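Worksheet: one structure, shown below.
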Amino acid sequence: MVLRVAVVGSGPAGSSAAETLAKAGIETYLFERKLDNAKPCGGAIPLCMVSEFDLPPEIIDRRVRKMKMISPSNIEVNIGQTLKDDEYIGMCRREVLDGFLRDRAAQCGANLINGTVYQLDIPSSDNHPYTLHYADHSNGSATGEMKTLQVDLVIGADGANSRIAKAIDAGDYNYAIAFQERIRLPKDKMDYYEELAEMYVGDDVSPDFYAWVFPKYDHVAVGTGTMKVNKAIIKNLQAGIRARAAKKLEGGEIIKVEAHPIPEHPRPRRVVGRVALVGDAAGTVTKSSGEGIYFAAKSARMCAETIVETSNNGQRIPTEADLKLYIKRWDKQYGMTYLVLDILQRVFYRSDATREAFVEMCSDIDVQRLTFDSYLYKTVVPANPLVQMKITAKTIGSLLRGNALAP
């Protein structure tokens, strides 16, 4: 037998899964509704993703080596002086990154289908196939031609509004909304953002998250994230970040406006039967930073590697227990990271006073080094005990001041 796997969605998660499966000789079908799709997001990726996922230099629009954290009272803290010469945060456009990863998966042998999956039929027994009902858009039409495909396994990589998650009754999760405008700036203004990204905190730009100005190839992405899923509120918050960054954005021209849901927690069930969820569909976005690209690709690769391993390179059909091994490994490797970032968001993003304390804490070199190392390399780097004690004391001191100032 040859194992047949359908991967629904070809963002960084779906394409990474499909590439791993196809390389192992597994019959892989990669579905993408819109081949020119560009998910709205900040587009920041950590340095480790560049090497781990073998990304060529042209994928990276900007190499950010400086970050400004800007408090509610507009106190600016510059972070980045701990970075080595070859270290940076990569800024990319999703249409470029996603297109590259998708094409590479196809080159490795995945069958790329330009199609919208509408329905997944769940088999009545453990060894019967899953049936996908989809509209094939390869003829160029929006409605497409209705077709079916039978497979042994399904990977849902179809984002926060995942149809695959609904089909397996994976359960709901809370989600935030990311809203951003892409703004083309005059050259002198664009030069300011050459290696610089900005993060703004404050009730005026987000009651529970942060706002950003991130540089791209020939424009900046200016946006905000919030769990207040209300158009009027989001509009006011976007006006807030535009006002805070107004001088730096003078003469800018909006070239695109975009919005997208971001999951706030993992779904209650990420594996049901022979269906596994990865990336946003599974809820792998981190709290505090709202980072999702690396974790989406990594979760999908780990899922695909588990399938390759437990299927003996496609020679047998993995069971639900086999697939759950991916969840077990994922939670063991990253569970603590998610917990710490969740606590940070609850503690520091709850009032303007605690946000002031947070920005103040970011001025500490040891805090910066620990933060950047854990972001760039996705390992919580153990500082020596004295430094660890100093960071803890600094955190508590900042919090006490923040709470003392809180209304």
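Assessment of the range 64-74 against the conditions (touching a residue at least 40 places away in the same chain (Cβ under 8 Å), surrounded by fewer than 15 Cβ atoms within 10 Å (Cβ to Cβ) and within 30 Å of ASP373 (Cβ to Cβ)) yields at least one matching residue. Could you tell me which numbered condition ARG301 fails, if it satisfies all but one of (1) of a type in the set (Lys, Arg); (2) without any contact (Cβ under 8 Å) to a residue 60 or more places away in the chain; (3) in a helix (DSSP H, G or I)? All conditions are met except number (2).
Screening ASP86 against (1) in contact with a helix residue (DSSP H, G or I) (Cβ under 9 Å, 6 or more places away or on another chain); (2) touching a residue at least 12 places away in the same chain (Cβ under 8 Å); (3) within 27 Å of ASP373 (Cβ to Cβ) leaves a single unmet condition, (2). Selection within the range 250-294: residues that are under 26 Å from ASN230 (Cα atoms) and of a type in the set (Val, Ile, Thr). The member of this set that is nearest to the chain's Cα centre (by Cα) is ILE293.
For (1) of a type in the set (A, V, I, L, M, F, W, C); (2) closer than 18 Å to LYS298 by Cβ; (3) outside the structural domain of PRO12 (by TED's automatic domain parsing), each residue gets a yes or a no:
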| residue | (1), (2), (3) |
| --- | --- |
| GLU52 | no, yes, yes |
| ILE70 | yes, no, yes |
| GLN81 | no, no, yes |
| ASP86 | no, no, yes |
| PHE100 | yes, yes, no |
| ALA106 | yes, no, no |
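Return yes or no: is ALA160 assigned by TED's automatic domain parsing to the domain that holds GLU320, aliphatic (A, V, I, L, M), assigned to a loop (DSSP other than H, G, I, E, B) and under 30 Å from GLY290 (Cα atoms)? Can you show your working first?
On the way: assigned by TED's automatic domain parsing to the domain that holds GLU320: yes; aliphatic (A, V, I, L, M): yes; assigned to a loop (DSSP other than H, G, I, E, B): yes; under 30 Å from GLY290 (Cα atoms): yes.
When the stated conditions are applied, ALA160 passes them.
If you filter the range 304-318 down to residues that are touching a Ser or Thr at 6+ places or on another chain (Cβ under 9 Å) and either in a loop (DSSP other than H, G, I, E, B) or among the hydroxyl-bearing types (Ser, Thr, Tyr) (or both), you find that the one that is surrounded by the fewest Cβ atoms within 10 Å (Cβ to Cβ) is ARG316. Of the residues making up the range 172-219, just one is in a helix (DSSP H, G or I), charged (D, E, K, R) and touching a residue at least 40 places away in the same chain (Cβ under 8 Å), namely LYS189.
For TYR349, are the conditions met, namely being of a type in the set (Phe, Trp, Tyr), at pLDDT below 95 and on the phi < 0 side of the Ramachandran plot? So that I can check it myself, show each step before the final result.
Values: of a type in the set (Phe, Trp, Tyr): yes; at pLDDT below 95: yes; on the phi < 0 side of the Ramachandran plot: yes.
Yes: the conditions hold for TYR349.
Within the range 319-332, can one find any residue that is in a loop (DSSP other than H, G, I, E, B) and either within 22 Å of LEU47 (Cβ to Cβ) or not assigned by TED's automatic domain parsing to the domain that holds THR224 (or both)? Looking for residues that are in a loop (DSSP other than H, G, I, E, B) and either within 22 Å of LEU47 (Cβ to Cβ) or not assigned by TED's automatic domain parsing to the domain that holds THR224 (or both), one finds at least one in the range 319-332, hence yes. The residues in the range 78-124 that are under 30 Å from CYS362 (Cα atoms), polar (S, T, N, Q) and outside any loop (DSSP other than H, G, I, E, B) can be counted, and the count is 1. When the residues of the range 90-109 are filtered to those that are surrounded by fewer than 17 Cβ atoms within 10 Å (Cβ to Cβ) and at pLDDT 95 or above, the one that is nearest to ARG182 (Cα to Cα) is ASP103.
The values are calculated or read from the model by the stated rules, or taken from the named source; none is laboratory data. Fair warning: this is a prediction, and the values are worked out from it, not measured in the lab. Note: ideal-geometry Cβ built from the backbone for every residue, glycine included; neighbour counts use all protein chains shown.
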